[in-house]
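Structure first, then comments.
The values are calculated or read from the model by the stated rules, or taken from the named source; none is laboratory data. Since this is a predicted model, take the numbers as computed values, not measurements. In this analysis, Cβ positions are derived from the backbone assuming ideal geometry, glycine residues included, and neighbour counts consider all displayed protein chains. Heads up: the accessible areas ignore ligands, DNA and RNA and are worked out on the full protein's heavy atoms, side chains in. Shrake-Rupley method; radii C 1.70, N 1.55, O 1.52, S 1.80 Å.
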Amino acid sequence: MPGFELFGDLERKEVNDVLGNGVLMRYGFDGMRNGHWKAKELEKELENQLQVKHAQLVSSGTAAVSVALASAGIGSGDEVIMPTFTFVASFEAIMILGAIPVLVDIDDTLTLDPEKVKEAITEKTKAIMPVHMCGSMADLDALKDICSANNLILIEDSSQATGATYKGKPLGSIGDLGCLSLDFVKIITAGEGGAVLTNNEKFYRHADHYSDHGHDHVGNDRGAESHPFLGYNFRISELHAAVGLAQLRRLEEFVAIQKKNYSIIRDALSQIPEVTFRRVPEGGIESYSFLSFFLPDIDTTRKVINAFKTNGVDVCWHYYDNSWHYIREWGHLKNIKSLYPISQEVKEGLDYLQTKTFEQSDHFIGRNISCLIKMSWTEDEVIQRAEKMSAIIKENT
Ligand SMILES: *Cc1c(COP(=O)(O)O)cnc(C)c1O
């Protein structure tokens, strides 16, 4: 997945355009920039490739989630439903607004189980945020129906699934808002960065202003702009946008390389009766950034992942024992270890984390191994890797 694997002359050329005039900021300085507007160009490219009316670049994927929620008016005391299997960023992005993350079980798609989502809705629920983990997606039609029936906002965190589609539409373009990350390990990297995607004019305007101190961006005198509401600084720099622009133009090429490598490994593992694969919702096409599969039980899965490690099969994870992506090991969040006081309402809202168990999520994550698909592998390396993985799994099942 990481776009950095294929960093090269195309990326350098875009960065050099910016270095040539020294305007590292995305707004203003029109006379000095020799016509280079990398952030604006990248936003246009995102709109074209991801088929949305509006893209707003920000400083990170975490910022994208916070800005998306804020743009939809979600804040203090509001509940946002999200999955137990995610990246801590999605949780943090809700917390920073004083809103309450409500964790809900995943199913064999490794994303939100729509039935469990229904059970979690309360009077305080404002949004449902599926996180399209490891290159595939949640059942978006089912979640959309739940949102319509309950008057909720649908926000997609598609940070790990740029390039995947659902019923012909790019992920991130389907909900009321979509968020993506351009950090160093994502399929399209800018070094650091993120984007909010939306077809909603008002949400876009909010995101544009909110991510830049509330500036309305009217006219070309930054000092004279008005500020219709409070904002903060979540801006991306021109240097980062330049890298992202070169990378995004290569999205199709990147997905094709991943698909080729993914298919070789998947075909090999398909021969093993004990191996099953994550379910992709009907109408979905993965970005092939990861290959995720299930083994019969937790013990076998632990044995296999350890054997992978000792035999040099890298970039595979058993998230059950991992502290970044799964609720089980999130001690600092369960116990609300915060540097500063957290509101009583949020504390009470998170009380459930002390006692709630997620057996259904454990059932899937406990038996899941997800392997990153790299783009820099040669065909021989992929074939050897596939053979090695198969042999290890057979030995341990
Ligand atoms: C990477 C990631 C983010 C956050 O992105 P940053 O750009 O690193 O802040 C959010 N959600 C998910 C699922 C991610 O994988």
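Miscellaneous remarks
- Potential lengthening between N335 and I272 on full extension [0.36 nm per residue; Cα-Cα distance subtracted]: 18.6 nm
- Whole-Hz couplings from phi, Karplus 6.51/-1.76/1.60, listed for the stretch 169-174; x for Gly and Pro: 10, x, 4, x, 9, 9
- Low-density loop positions, chymotrypsin sites (Phe, Trp or Tyr not before Pro), the stretch 218-299 - DSSP coil, at most 16 other Cβ in 10 Å: F229, Y232
- Judged by the mean number of other Cβ atoms found within 10 Å, the most tightly packed of the peptides 353-360, 212-219, 75-82, 159-166 leads the ranking 159-166, 75-82, 212-219, 353-360.
- Placing unit charges on the Cβ atoms only, positive for Lys and Arg and negative for Asp and Glu, gives the stretch 252-395 a dipole magnitude near 240 debye about its Cα centre.
- Look at the alpha carbon pairs under 8 Å that are at least 6 residues apart: their mean separation over the length of the chain gives a relative contact order of 21 percent.
- Proximal aspartates and glutamates relative to K124, as straight alpha-carbon distance under 14 Å, when same-chain residues fewer than 8 apart are discounted: D78, E79, E345, E348
- Probe 1.4 Å, protein heavy atoms only - accessible area per residue of the chain in square angstrom: 42
- Mean Cα-pair separation over length for the stretch 252-395, i.e. relative contact order, pairs under 8 Å, 6 or more apart, %: 40
- Computed across the chain, the Kirkwood hydrodynamic radius from all distinct Cα-Cα pairs reaches 21.8 Å.
- Hits among aspartates and glutamates - C-alpha to C-alpha of K167 under 12 Å, sequence gap 8 or more where chains match: D139, D141, E282, E286
- The lysine pair tally for the stretch 285-377, using Cα distances under 25 Å and a gap of 8 or more places or different chains, is 7.
- Accessible-area order (highest first, 1.4 angstrom probe) of the listed residues S211, S59: S59, S211
- Heavy-atom accessible area ranking, 1.4 Å probe, most first, across W324, W330, W37: W324, W37, W330
- Where only DSSP H runs of four or more residues are counted, the chain gives -11500 deg cm²/dmol as its mean residue ellipticity at 222 nm, each run worth -39500 (n - 2.57).
- Free-standing Cys residues across the chain, given no other cysteine C-beta under 4.7 angstrom: C134, C147, C179
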